[in-house]
């Protein structure tokens with residue numbers, strides 16, 4: 001798998017949902033692969049401003065979706081949706097998330113085509129070109145139409161839609177410079193809804209959250225969910241302390257992209273990522289090392305069945321105790337301290353693999 005760093009590695013909620021729906025559509029029709037045509041159909045079935053550039057009316061979008069469905073029956077496509085293999089860490093991770101969200105009980109999940117991988121990579125590059133922290137629907141469509149050698153373009157050609165013209169209009173469309181809503185799995189989004197970010201009034205106040213969940217438990221709760229997301233993206237079948245360390249870095253990236261930080265009540269408890277960055281640790285670099293710390297799972301567990309390493313639960317408990325003893329909020333600082341207190345753990349192995357002197361972090 002490529003360890004090169006893409007400037008943009010995240011997608012908007014609409015793109016995440018389109019990718020998931022593409023997998024669901026291929027599963028329902030028992031098709032052998034998820035291709036650019038499935039993603040195009042999912043975008044057309046939505047209500048995005050970028051989608052209307054391609055198909056301005058319901059009739060136009062319906063006609064193109066009809067072409068895709070008709071060609072899919074009996075496999076009447078001219079293009080096989082193949083392309084030079086792209087196995088970038090970010091692209092593979094995003095597709096694994098969509099696959100995991102789409103999978104149903106006792107159903108086989110078809111793999112993504114090479115052309116879909118290439119299109120998603122190009123969408124992330126378009127997002128960086130337009131200065132957005134995540135790829136939105138406009139970037140996804142541009143990625144799908146970047147090359148004429150795929151089934152998405154074949155669907156356009158059947159409806160006599162000029163690919164180059166649509167691509168040119170998308171590049172200057174206002175939506176191409178909008179970041180889009182963060183996906184539902186975004187950790188910062190959950191903290192925002194809880195009112196735990198500076199200047200944000202969420203559905204729950206900081207004091208009420210602390211009373212309901214205990215000292216710092218909200219931060220640990222969302223980091224636990226983010227750790228599972230990181231395990232999914234890497235194709236691992238168990239959540240470990242290494243994924244918890246990735247979650248700390250991921251939360252920091254999400255807050256930075258949103259221009260937000262933890263509320264004053266939690267101030268001083270979330271500096272672990274900054275400390276790691278000062279040692280040259282980035283999320284992409286850490287994920288690249290973490291990828292090799294555990295074998296890839298043949299099939300990812302379902303949501304309610306995703307196992308956690310016993311060491312992860314112990315670290316979270318001991319971090320909460322440490323916070324209570326020191327009279328500080330249970331945030332990423334005490335969590336990093338406990339991760340480093342386990343020199344034989346996977347989190348320490350991850351940092352060692354990055355060339356970081358863990359003794360220097362204590």
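The values are calculated or read from the model by the stated rules, or taken from the named source; none is laboratory data. No experiment lies behind these values; they were computed from the predicted model shown. Cβ placement follows ideal geometry from the backbone for every residue including glycine, while neighbour counts extend to all protein chains displayed.
So here's what we get for this one:
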{"read-out": "Scan of the stretch 75-106 for residues that are assigned to a loop (DSSP other than H, G, I, E, B) and touching a residue at least 60 places away in the same chain (Cβ under 8 Å), ordered by number", "value": "77, 78, 79, 81, 83, 86, 87, 103, 104, 105"}
{"read-out": "Those residues of the stretch 269-297 which are within 16 Å of residue 339 (Cβ to Cβ) and over 21 Å from the mean Cα position of the chain (by Cα), in sequence order", "value": "269, 270, 271, 272, 274, 275, 276, 279"}
{"read-out": "Condition broken by residue 38, with the remaining ones in (1) crowded, with 23+ Cβ neighbours inside 10 Å; (2) closer than 21 Å to residue 173 by Cβ satisfied", "value": "(2)"}
{"read-out": "Odd one out for residue 148, checked against (1) without any contact (Cβ under 8 Å) to a residue 40 or more places away in the chain; (2) more than 16 Å from residue 34 (Cα to Cα); (3) part of a helix (DSSP H, G or I)", "value": "(3)"}
{"read-out": "Residue count for the stretch 327-362, restricted to those that are in a helix (DSSP H, G or I) and surrounded by 13 or more Cβ atoms within 10 Å (Cβ to Cβ)", "value": "18"}
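Matching residues to (1) buried (at least 16 other Cβ atoms within 10 Å of the Cβ); (2) within 16 Å of residue 192 (Cβ to Cβ); (3) in the same structural domain as residue 94 (by TED's automatic domain parsing); (4) at pLDDT 85 or above:
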position: 239; (1), (2), (3), (4): yes, no, no, yes
position: 244; (1), (2), (3), (4): yes, no, no, yes
position: 251; (1), (2), (3), (4): yes, yes, no, yes
position: 261; (1), (2), (3), (4): yes, yes, no, no
position: 266; (1), (2), (3), (4): yes, yes, no, no
position: 273; (1), (2), (3), (4): yes, no, no, yes
position: 277; (1), (2), (3), (4): no, no, no, yes
position: 289; (1), (2), (3), (4): yes, no, no, yes
position: 296; (1), (2), (3), (4): no, no, no, no
